[in-house]
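In what follows, a single structure is set out as structure tokens and then discussed.
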Ligand code: NDP
């Protein structure tokens, strides 16, 4: 706390892990007295750099770039890049810390990292995005590599940005390697990678519901966000027979009482991914829906909530509203969307609640599968990757159950994910000595 007191999001993420992991350490002699958690909260390396680029008016712009290389005990650093004006070291350290546990849970050999910039992609032309990405990579390329650190996308970094970043890396290094994931299919990408985080979040919800002999079919589902994760979470809910009632962006949410069906979702995908418009424009095509400005969708009555936008978007009062409306399951697609108060409320009500580090791990798991395919110089089919994704999500669910199931049978997925993620990384660190 003394060292990181000015980094609230990082402290929040560490406290949530410490609450469940510290008692476990105290009970287990192999971890006790070795300052193992203290070592885990200190990044192995943080790189901060200047990014200069020229906008369409010929003005020189300056942004700050980052890469937090948190932990490489079980594999190369792995984690996304975020381009958003709110990006700072606290947010990237929280994301990198979460990533260490998440990557451990996937069972694949990946360490944890995260990076990005305070660059705001909103309203920028394709040319500006390309110049920024090239400038960003002209420094980052020194610090990454297919066996060192393999970044991916996150908020503000999708297929377009990964393409520009990869192009500059390849030019500077003169090598074609799997240094980034989320690549296009014709140049090293994996089938199902775009869908993986959203699909995985819904698969995790399915696994949780199964413990109650229940399914997604016929359920009313509220989703926040309308980016990569939200879009494919919605697609999977529809495929499994659920009804999607909401989507959102930073300007507010849309509520469609008739349900956002496959055609309407295709409209949203075109609106967000091609036209780069606002979610309120949904009403131009579907005037029966409502747009609620400046609000999150947690007041809408539902059975299942999937927060898929950003951190700290679901507060204690939102959790209470969801519970009062009969919500039985929350599966986090975003990273740390629920505040501490919200998590306490879900746990007290004993509903099914999955933290992002377990339920959104399908994205990075499929990135791991992309790395494997790149190394093999071979592509698996859509069905093969989806099958592996489903198996990984089921395995993560089982690991959470092993460490999180209480005497009354209630599964605390937060505790389960934290301890299961911790054990593997801690064992590797202990085996490798004090480095
Ligand atoms: P996108 O950039 O594709 O979409 C982000 C969505 O969230 C947009 O609808 C955006 O609205 C909204 N949003 C972003 N910031 C805010 C904010 N401060 N307040 C309200 N809404 C906001 O990102 P992703 O879908 O990739 O990521 C969403 C979440 O999922 C993040 O927490 C990310 O870390 C997490 N995640 C993503 C993975 C992936 O594979 N992509 C993997 C694991 C986790 P607007 O357009 O108005 O900004």
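The values are calculated or read from the model by the stated rules, or taken from the named source; none is laboratory data. Please read all numbers here as calculations on a predicted model, not as lab measurements. Every residue, glycine as well, gets a Cβ built from its backbone with ideal geometry; the counts of neighbours run over all protein chains shown.
Scanning segment 338-352 for residues that are closer than 16 Å to residue 98 by Cβ and not in a helix (DSSP H, G or I) yields a count of 2.
Say whether the condition of being in a helix (DSSP H, G or I), within 12 Å of the ligand (Cβ to nearest atom) and either at negative phi or modelled with pLDDT under 95 (or both) is met by at least one residue in segment 305-313. I'd like the intermediate steps shown before the answer.
Quick first cut of segment 305-313, residues in a helix (DSSP H, G or I) only: none.
No, that holds for no residue.
Closer than 23 Å to residue 415 by Cβ, surrounded by 17 or more Cβ atoms within 10 Å (Cβ to Cβ), within 14 Å of the ligand (Cβ to nearest atom) and under 19 Å from the mean Cα position of the chain (by Cα): does that describe residue 110?
Values: closer than 23 Å to residue 415 by Cβ: yes; surrounded by 17 or more Cβ atoms within 10 Å (Cβ to Cβ): yes; within 14 Å of the ligand (Cβ to nearest atom): yes; under 19 Å from the mean Cα position of the chain (by Cα): yes.
When the stated conditions are applied, residue 110 passes them.
Within segment 163-178, the set of residues being farther than 16 Å from residue 374 by Cβ and assigned to a helix (DSSP H, G or I) comprises 164, 167, 168, 171, 172. Outside any loop (DSSP other than H, G, I, E, B), more than 16 Å from the ligand (Cβ to nearest atom) and touching a strand residue (DSSP E or B) at 6+ places or on another chain (Cβ under 6 Å): does that describe residue 291? In short, no. With respect to the conditions (1) in contact (Cβ under 8 Å) with a residue 40 or more places away in the chain; (2) farther than 30 Å from residue 188 by Cα; (3) part of a helix (DSSP H, G or I), residue 319 lacks only one, and its number is (1).
Which count do you get for residues in segment 363-394 that are in a helix (DSSP H, G or I) and either within 16 Å of the ligand (Cβ to nearest atom) or closer than 24 Å to residue 231 by Cα (or both)?
Within segment 363-394, the subset in a helix (DSSP H, G or I) is 363-376, 382-394.
This time we only want the ones that are either within 16 Å of the ligand (Cβ to nearest atom) or closer than 24 Å to residue 231 by Cα (or both), so: 363-371, 382-394.
So the answer is 22.
Residues in segment 113-133 that are in a loop (DSSP other than H, G, I, E, B), surrounded by 19 or more Cβ atoms within 10 Å (Cβ to Cβ) and more than 12 Å from the ligand (Cβ to nearest atom): 119 alone.
Looking only at residues that are within 14 Å of the ligand (Cβ to nearest atom) and in contact with a helix residue (DSSP H, G or I) (Cβ under 7 Å, 6 or more places away or on another chain) in segment 237-259, which one is farthest from residue 203 (Cα to Cα)?
This residue is 251.
Scanning segment 95-123 for residues being in contact with a strand residue (DSSP E or B) (Cβ under 9 Å, 6 or more places away or on another chain) and without any contact (Cβ under 8 Å) to a residue 40 or more places away in the chain gives a total of 1.
Quick check: is even one residue across segment 275-284 away from the ligand (no atom under 13 Å from the Cβ), farther than 26 Å from residue 259 by Cβ and at pLDDT 95 or above? Give the steps one after another, and end with the answer.
Initially, segment 275-284 is screened for residues away from the ligand (no atom under 13 Å from the Cβ), giving 283-284.
Remaining after also requiring farther than 26 Å from residue 259 by Cβ: none.
Within segment 275-284 (the criterion being away from the ligand (no atom under 13 Å from the Cβ), farther than 26 Å from residue 259 by Cβ and at pLDDT 95 or above), the answer is no, since none of the residues qualifies.
Among the candidates 414, 402, single out the residue that is more than 30 Å from residue 298 (Cβ to Cβ) and not in a strand (DSSP E or B). Talk me through it step by step, then tell me what you get.
Details: 414 fails: more than 30 Å from residue 298 (Cβ to Cβ).
Going through 414, 402 in turn, just one is more than 30 Å from residue 298 (Cβ to Cβ) and not in a strand (DSSP E or B): 402.
Counting residues that are free of Cβ contacts under 8 Å to residues at least 24 places away in the same chain and on the phi < 0 side of the Ramachandran plot, which strands (runs of 3 or more DSSP E) fully inside segment 209-255 reach at least 1?
On the way: elements: 220-224, 243-249, 252-255.
Counting at least 1 such residues, we get 243-249.
Annotation for segment 265-273: no member residue is in contact (Cβ under 8 Å) with a residue 12 or more places away in the chain, within 16 Å of the ligand (Cβ to nearest atom), in contact with a helix residue (DSSP H, G or I) (Cβ under 9 Å, 6 or more places away or on another chain) and over 19 Å from residue 194 (Cα atoms). Pairs are defined by a Cβ separation below 6 Å, a sequence spacing of at least 6 or placement on different chains, a first member in segment 337-362 that is more than 16 Å from the ligand (Cβ to nearest atom), and a second member that is in a helix (DSSP H, G or I); the pairs so defined are 341/316; 345/316; 345/319; 345/320; 346/319; 349/323; 352/208; 353/346. Picking from residues in segment 85-107 that are surrounded by fewer than 20 Cβ atoms within 10 Å (Cβ to Cβ) and farther than 23 Å from residue 5 by Cβ, the one that is farthest from the ligand (Cβ to nearest atom) is 107.
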